[in-house]
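The values are calculated or read from the model by the stated rules, or taken from the named source; none is laboratory data. All figures in this text were calculated on a predicted structure; none of them were measured in a lab. Cβ sites come from the backbone with ideal geometry, for glycine too, and all protein chains shown count toward neighbours. Note: accessible area is taken over every heavy atom of the protein model, side chains too, but ligands, DNA and RNA are not part of it. Shrake-Rupley method; radii C 1.70, N 1.55, O 1.52, S 1.80 Å.
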Amino acid sequence: MERAEAYAFSGALSGAFLLSCLLFAAVSRRQRGPYMDEVFHVPQAQAYCQGRFLQWDPMITTLPGLYLLSVGVVKPAAWLLGWTGSVVCSVGMLRFINLLFSAGNFYLLYLLLFKIHQKNKAVSGFQRILSALTLAVFPTLYFFTFLYYTDPGSVFFTLFSYLMCLYGNHKTSALLGFCGFMFRQTNIVWTVFCAGNVVAEKLNEAWKIELQKKKDEKISSRKGSFSDLTRILQFLVEYLISPKNLVTLTALTWPYIILVSLFFVFVFINGGIVVGDRSSHEACLHFPQLFYFLSFTVFFSFPHLLTPTKIRRFLLSLRKHPVQYSLITVISLFLIWKFTYVHKYLLADNRHYTFYVWRKVFQRHELVKYLLVPCYIFAGWSFADMLKSKSIFWILMYFVCLVAVTVPQKLLEFRYFILPFLIYRLNIPFLSLYRQLLELAFYILVNAVTFYLFLNRTFQWENSDEVQRFMW
């Protein structure tokens, strides 16, 4: 990092943290007590603060990583600063932990952008800082910076694990992956993703050798054709059934293998992935979650994915491959018909954006969910098109992880899309400065609207005296 870029980044990080502190103060003044899931998280953390480590709320679905880390930060700070009484592990103090995670996420996003795109000399330091700032204020993640939720810490340890993986520190990466798992069990998928990065790199090297042997460079330039995909899958199977290759891959990824093995032991002992409230968090094959994620990604990345050039190229692709797109359409319609699930929380809780999206769009008519298939297909094509600079093995690996982290979820919840979106966004090429600024302005606007609604447009339910607020 050059000195000028270092100063600029320090200024951006400091400025963003200061503004976040001011917004944090506003949120804390308006909502002093625990809200939504904080009703479970805050008392649990406070019980740990008082040394009651055997106490556990059965409504909490995640492991105690957030509470253990909170105690590890707050208690020493209280001892050093002489804090006593109710201020120690208060709601505001616990929420402040996530503000620290937010600053850490900004730094990690910058480092990841630097590492992933280091070969692209056309990318300026200002563009890297701007992209890091944009992703740091990504609305769905940024909102939970100001509440005591698991999301900022979950993202922090997962991004840190990914960064260490890219630098080849796989034991450290697996350890950080374990920390991420302690915040949210589904983060084990991103441990597999880190191992997959190593595997994809070795596969890509072997594939290039294979191409050179056969002197058939056309395969690498036509990733989209069905015959090429068939040959790649055949090569993949042949490579992975070789004992020599398996030994090599195991030697490279053993820290991740140990962590994934521990995960399966946990699932066996626990009787499932979720710790508590299992009746409301049952796994299922909810394939339309992929379509919701693609729509979510297009919405938040429209400067990248929704451009006139891309639309023209998509229409040209439709004209060239009508049979393939017809098959994709039929499969999509079938998946929507047979595998659409509607969680009771989605229909009952009018404090979330998803409630209104479902009511205003999907409940308009029974056919709406089918009529959206062309939009899903365009979103999927545009999504994949932005990843064409990555190797085919990386794309396959990412897609497997994306399916694993989204499809089993019955509840449509935008928070579940945060990590797959960030991983995707980190790996797509940089666009023009104008489009980057447009993306940042859009995120700021969405955040402004969300916080305005949360702070000022309160309401009450008929059967409750508590103040209710709109949120993600």
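Observations
- Residue list for segment 257-300, filter: among the small types (Gly, Ala, Ser), assigned to a helix (DSSP H, G or I), open to solvent by 20 Å² or more (accessible area, probe 1.4 Å) and closer than 27 Å to residue 345 by Cβ: 279, 295
- Residue check for residue 399: part of a helix (DSSP H, G or I), open to solvent by less than 20 Å² (accessible area, probe 1.4 Å) and at negative phi: no
- Every listed requirement among (1) in contact with a helix residue (DSSP H, G or I) (Cβ under 7 Å, 6 or more places away or on another chain); (2) at pLDDT below 95; (3) surrounded by fewer than 19 Cβ atoms within 10 Å (Cβ to Cβ); (4) over 24 Å from residue 139 (Cα atoms) is met by residue 336 save one, (2).
- Residue count, segment 151-198 (criterion: among the hydroxyl-bearing types (Ser, Thr, Tyr) and crowded, with 24+ Cβ neighbours inside 10 Å): 6
- Tabulated pairs, segment 408-421, first farther than 17 Å from residue 356 by Cβ and modelled with pLDDT under 95, second part of a helix (DSSP H, G or I) and open to solvent by less than 30 Å² (accessible area, probe 1.4 Å), C-beta under 6 angstrom, 6+ apart or interchain: 409/289
- Here residue 303 fits the description: open to solvent by less than 50 Å² (accessible area, probe 1.4 Å), over 29 Å from residue 283 (Cβ atoms) and either assigned to a helix (DSSP H, G or I) or small (Gly, Ala, Ser) (or both).
- Any pair with Cβ under 6 angstrom, 6 or more apart, that starts in segment 17-35 at a residue that is assigned to a helix (DSSP H, G or I) and ends at one that is among the small types (Gly, Ala, Ser): 17/103; 28/92
- All positions within segment 354-384 that are assigned to a helix (DSSP H, G or I) and open to solvent by 50 Å² or more (accessible area, probe 1.4 Å): 356, 357, 359, 360, 361, 370, 371, 374, 375, 384
- Of all residues in segment 340-363, those that are in contact (Cβ under 8 Å) with a residue 24 or more places away in the chain and among the charged types (D, E, K, R) total 2.
- With a requirement of 2 or more residues that are touching a residue at least 12 places away in the same chain (Cβ under 8 Å) and more than 18 Å from residue 44 (Cα to Cα), the helices (runs of 4 or more DSSP H) lying completely within segment 61-166 that satisfy it span 91-116, 125-136, 139-142, 151-166.
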